[in-house]
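These notes concern the structure reproduced below.
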Amino acid sequence: MPHVLIEMTDNIERWAHPRKVVEAVHEAACSSGDLPTGAIKTRAIRHSDYAIGTDENGLEGFITVLIRIRPGRSDAIMKGISDAVHQAVIGQVTPIAGRQLNISVDLQLIDPVAAVQSKH
């Protein structure tokens, strides 16, 4: 059931190729050894309507990765997954002078009581 949701600004191509970011993030999640690889679902969405701080000139962008997993892993394992995904994103990014790309990774635990899952 791991879900990997990538959100990025529509100006992302200034820094990275969106598909390569998705592939790198998915590979990092699968390679962690701590997630059921056959169940990892990775997807991305690009936002055209957004605001970042006081940037009025479109000089900034963001990539935010949200990883949702079921509980039961140690803090060290969860931190390792987040770090691996963060490094995967950074590995796809080309810095640009005078522009800032904000990168964040957040790992959230799925509530085991309220979550419902089925396969058809």
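The values are calculated or read from the model by the stated rules, or taken from the named source; none is laboratory data. Quick caveat: nothing in here was measured; it's all calculated off a predicted structure. Virtual Cβ from ideal backbone geometry, glycine too; neighbours counted across all protein chains shown.
Give me a count of the residues in the stretch 45-62 that are more than 16 Å from the chain's Cα centre (by Cα), over 20 Å from T94 (Cβ atoms) and not polar (S, T, N, Q).
Initial filter on the stretch 45-62 (more than 16 Å from the chain's Cα centre (by Cα)): 48-60.
Pick out the ones that are also over 20 Å from T94 (Cβ atoms) and you get 48-51, 53-54, 56.
Of the ones still in play, those that are also not polar (S, T, N, Q) are 49-51, 53, 56.
Residues in the stretch 45-62 being more than 16 Å from the chain's Cα centre (by Cα), over 20 Å from T94 (Cβ atoms) and not polar (S, T, N, Q): 5 in total.
Being in a helix (DSSP H, G or I) and modelled with pLDDT under 95 is a property that does not hold for G33.
Within the stretch 36-57, the set of residues being touching a residue at least 12 places away in the same chain (Cβ under 8 Å) and either in a helix (DSSP H, G or I) or in contact with a Lys or Arg (Cβ under 9 Å, 6 or more places away or on another chain) (or both) comprises A39, A44. Annotation note: of V93, V65, the sole residue that is under 20 Å from N11 (Cβ atoms), surrounded by 13 or more Cβ atoms within 10 Å (Cβ to Cβ) and more than 11 Å from the chain's Cα centre (by Cα) is V93. State yes or no: is P95 at pLDDT below 95 and more than 19 Å from H3 (Cβ to Cβ)? Criteria met by P95. Could we say that V22 is surrounded by 17 or more Cβ atoms within 10 Å (Cβ to Cβ), touching a helix residue (DSSP H, G or I) at 6+ places or on another chain (Cβ under 6 Å) and within 26 Å of P95 (Cα to Cα) here? Answer is no for this residue. Q100 passes every criterion in (1) under 20 Å from V4 (Cβ atoms); (2) of a type in the set (S, T, N, Q); (3) surrounded by 12 or more Cβ atoms within 10 Å (Cβ to Cβ); (4) more than 12 Å from the chain's Cα centre (by Cα) apart from (1).
Selection of the stretch 25-44 for residues being over 13 Å from the mean Cα position of the chain (by Cα), buried (at least 17 other Cβ atoms within 10 Å of the Cβ) and among the aliphatic types (A, V, I, L, M) yields only L35.
Answer yes if at least one residue in the stretch 5-28 is under 25 Å from K119 (Cα atoms), at pLDDT 95 or above, part of a strand (DSSP E or B) and touching a Pro at 6+ places or on another chain (Cβ under 7 Å), and no otherwise. No; the residues of the stretch 5-28 include none that is under 25 Å from K119 (Cα atoms), at pLDDT 95 or above, part of a strand (DSSP E or B) and touching a Pro at 6+ places or on another chain (Cβ under 7 Å). Within the stretch 58-97, the residues that satisfy the criterion of being more than 23 Å from D111 (Cα to Cα), of a type outside the set (F, W, Y) and not in a helix (DSSP H, G or I) are G58, L59, E60, G61, I63, G91, Q92, V93, T94, P95, I96, A97.
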